[in-house]
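A short write-up of the structure that comes next.
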Amino acid sequence: MGNTQVKLIPKEIREADFPIARFLSEEEQARYEDSIKQFTGKAYDSLNVPIEGSNLFKVLWLNQIGIPTANLYQLEQVIENDRDFLRGHYEDIPSVVLRSNGDSYKPNDYLAKSLAEVIKERDFKHSLILNGLELKADENSHYGLILVPGEKFKRIEAPDFDYENNKRRFSRLDEKGLPIFSEEGNKTFYASKNGLCRLSLNDYLYLNSDNGPLVNSGSHGRVVFINSEGAEKNLEEYISKLRQEKEKQKLDIDERYNRAMNVLIGN
């Protein structure tokens, strides 16, 4: 006896070009290395990261030159689809967590203060997740670089990222990349008390947003590239067709209703 049920998935969805996640290619790494030649000194050193490595500045610059890297929710989707894909690696996110106007970790203090000033944030009731940041050279920075809001800048107030949740266990990440806390969860969240923090996912077990060097890179670091070209367009076209069909059916129903009412009232 065969399967007792069959999922009826529309052809348009089955054939849609869904986003693909993979590690950064050698060609993309070469393009990256060529692009950072415009920097010198400390800025160049902060960005000079090999293909087997990752830090905050690398993923931000990759996005800035048009090579999109994965956010937290996309990495969560990768894990759900292939648990072994990221095993043994850590992945930096092109976002930061800012918890105060300044940082007790001195190398990050200048960046934290300048970023808080440019986004006009003085009082921090909760942690802020900052997306869409870009890099600029700045010799006053310990790293030779500062963070500035780009065209796609977005800030998210995130109480879940507050220090009070440091070392809490969680089961998975939601659509916003926020941890779903659970005592039965097999992953651990780490947060700092203050300052500016990079955001990274480590071996499925750790979500790191604790303070420390923004520049450090290890050989087990990997950049996850997201190719979503065509996916959004295909799904938008499918949704548009559904809406057109909905309107057509609504007009047909209205027309039949009006004809029936005309017959009933004798018009």
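Observations on the model:
- Selected from A30, A137, A158 as most flexible by GNM, with the chain as the system and alpha-carbon contacts under 10 Å: A30
- Here the Gaussian network model covers the chain, with springs between Cα atoms less than 10 Å apart; of R222, R155, R99, R155 fluctuates the most.
- Highest mobility in the GNM of the chain, judged by mean-square fluctuation with C-alpha springs under 10 Å and restricted to L214, L251, L111, is found for L251.
- For the stretch 17-228, the share of DSSP beta bridges that are antiparallel, to the nearest 5, is 85%.
- Taken one residue at a time, the phi angles of the stretch 21-30 give Karplus couplings (6.51, -1.76, 1.60, θ = phi - 60°) of 10, 7, 6, 4, 7, 5, 5, 5, 5, 5 Hz. Gly and Pro are set to x.
- Every helix of 4 or more DSSP H residues in the chain counts as -39500 (n - 2.57), and over all residues that averages to -10000 deg cm²/dmol at 222 nm.
- Given R0 = 35 Å, the distance between the Cβ atoms of K37 and N227 translates into a calculated FRET efficiency of 0.85.
- Per the Debye formula on identical point scatterers at the alpha carbon atoms of the chain, with no solvent, log10 I(q)/I(0) at q = 0.08, 0.11, 0.12, 0.13 Å⁻¹ is -0.43, -0.69, -0.79, -0.89.
- Amide H contacts of G132 (H built 1.01 Å from N, under 5 Å, at least 5 apart or other chain): K154
- Here the label points at N48 and D162, each 7 Å from Cα along the C-beta direction, are separated by 4.3 nm in the simple model.
- Between S219 and K250, the distance separating the two model label sites (each 7 Å from Cα on the Cα→Cβ line) works out to 6.1 nm.
- Modelled spin-label separation between R22 and K154, with each label point placed 7 Å from Cα along the Cα-to-Cβ direction: 2.6 nm.
- Percent RCO, i.e. relative contact order, over the stretch 17-228, from Cα pairs under 8 Å lying at least 6 residues apart: 30 percent
- Stretching E183 away from K125 to a fully extended chain increases their span by 18.3 nm, per 0.36 nm per residue minus the current alpha-carbon distance.
- Taking the longest Cα principal axis of the chain as reference, the axis of helix 106-118 is set at about 50 degrees.
We did not get these values from a lab; they are worked out from the coordinates using the rules stated. Keep in mind that what you see is a predicted model, and the values were worked out from it rather than measured. Here Cβ is always computed from backbone atoms with ideal geometry, including for glycine, and neighbour counts include all displayed protein chains.
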